[in-house]
1. Could we say that TYR68 is surrounded by fewer than 14 Cβ atoms within 10 Å (Cβ to Cβ) and under 19 Å from the mean Cα position of the chain (by Cα) here?
2. Could you grab me the full set of residues in region 8-25 that are of a type in the set (Gly, Ala, Ser), buried (at least 16 other Cβ atoms within 10 Å of the Cβ) and farther than 13 Å from VAL62 by Cα?
3. Would you confirm whether or not region 133-152 contains a residue that is touching a Gly at 6+ places or on another chain (Cβ under 6 Å) and under 20 Å from LYS6 (Cα atoms)?
4. Name every residue in region 128-165 that is more than 19 Å from VAL96 (Cβ to Cβ) and surrounded by fewer than 16 Cβ atoms within 10 Å (Cβ to Cβ), in order of residue number.
5. Is it the case that some residue within region 56-63 is touching a residue at least 60 places away in the same chain (Cβ under 8 Å), in contact with a helix residue (DSSP H, G or I) (Cβ under 7 Å, 6 or more places away or on another chain), within 26 Å of ARG160 (Cβ to Cβ) and among the aromatic types (Phe, Trp, Tyr)?
6. From (1) surrounded by 14 or more Cβ atoms within 10 Å (Cβ to Cβ); (2) in a helix (DSSP H, G or I); (3) under 23 Å from the mean Cα position of the chain (by Cα), pick out the condition that doesn't hold for ASN73.
7. Determine whether region 43-55 contains at least one residue that is in contact with a helix residue (DSSP H, G or I) (Cβ under 8 Å, 6 or more places away or on another chain), part of a helix (DSSP H, G or I) and among the acidic types (Asp, Glu).
Amino acid sequence: MEGLLKLSRAIDYVNDRFGEIANWLVLFACLISAGNATSRYLFSASSNAWLEVQWYMFAGMVLLGGPYTLKVNEHVRVDLIYSALSERARIWIDIVGCLLFLLPICVILVYFTWPWFVESWRIDETSSNAGGLIRWPVKLILPVGFALMALQGVSELIKRIEALIHHHRLQFEYEKPLQ
């Protein structure tokens with residue numbers, strides 16, 4: 001089990017770094033948005049590329065930041081009975097959910113988005129908008145993001161199995177929504 005926990009820590013480290021990138025993308029997108037608006041209103045000058053780069057950054061924020069969000073247990077979940085259950089029951093729900101939903105959908109999405117990226121890269125696809133950007137970089141974020149999410153799912157699975165076997169508490173606490 002120690003080897004699996006080392007793997008889990010390595011995956012967590014990688015997704016921590018991608019979470020930092022996602023955080024910086026938020027700042028850069030805000031700055032680009034403000035700069036584009038200023039340019040448009042003060043100088044009547046703008047470009048579709050500025051809008052598209054914001055969309056690309058938004059894709060990076062979501063797909064690269066999602067695995068980090070899962071790691072810190074801040075992801076969205078349907079909380080009808082989860083908060084009323086014991087920690088052990090929540091761990092089992094997380095394990096079953098990971099095995100039946102998270103990992104299969106991530107594998108399916110990597111499978112379908114990888115060829116989409118490869119074809120875009122092969123033909124050097126660009127946006128049909130005037131002044132638009134090349135498309136393959138944003139299409140690459142899709143399989144990479146889903147692969148990172150699958151890896152984080154594996155990491156979370158390892159941590160939860162370890163918690164069940166050794167009867168210890170996970171490092172984070174589940175916080176019931178404020179509503």
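What follows draws every value from the coordinates through simple rules; no lab data is involved. Just so it is clear, the model here is predicted, and its values are computed rather than measured. FYI the Cβ positions are ideal-geometry reconstructions off the backbone, even for glycines, and counts take in every protein chain you see.
1. Numbers: surrounded by fewer than 14 Cβ atoms within 10 Å (Cβ to Cβ): no; under 19 Å from the mean Cα position of the chain (by Cα): yes.
No: the conditions fail for TYR68.
2. To start, the set of residues in region 8-25 that are of a type in the set (Gly, Ala, Ser) comprises 8, 10, 19, 22.
In the following step, the residues that additionally are buried (at least 16 other Cβ atoms within 10 Å of the Cβ) were identified as 8, 19, 22.
The answer is SER8, and nothing else.
3. Residues of region 133-152 touching a Gly at 6+ places or on another chain (Cβ under 6 Å): 141, 149.
Filter once more, so that each one left must be under 20 Å from LYS6 (Cα atoms): 149.
Among the residues of region 133-152, at least one is touching a Gly at 6+ places or on another chain (Cβ under 6 Å) and under 20 Å from LYS6 (Cα atoms), which makes the answer yes.
4. If the condition is that a residue be more than 19 Å from VAL96 (Cβ to Cβ) and surrounded by fewer than 16 Cβ atoms within 10 Å (Cβ to Cβ), then SER128, ASN129, ALA130, GLY131, GLY132, ILE134, PRO137 are the ones that fit.
5. Keep residues of region 56-63 that are touching a residue at least 60 places away in the same chain (Cβ under 8 Å), which gives 56, 59-60, 62-63.
Checking which are in contact with a helix residue (DSSP H, G or I) (Cβ under 7 Å, 6 or more places away or on another chain) leaves us with 56, 59-60, 63.
With within 26 Å of ARG160 (Cβ to Cβ) added as a condition, the list becomes 63.
Cutting the leftovers down to among the aromatic types (Phe, Trp, Tyr) gives us none.
Within region 56-63 (the criterion being touching a residue at least 60 places away in the same chain (Cβ under 8 Å), in contact with a helix residue (DSSP H, G or I) (Cβ under 7 Å, 6 or more places away or on another chain), within 26 Å of ARG160 (Cβ to Cβ) and among the aromatic types (Phe, Trp, Tyr)), the answer is no, since none of the residues qualifies.
6. So ASN73 meets the others, but not (2).
7. no
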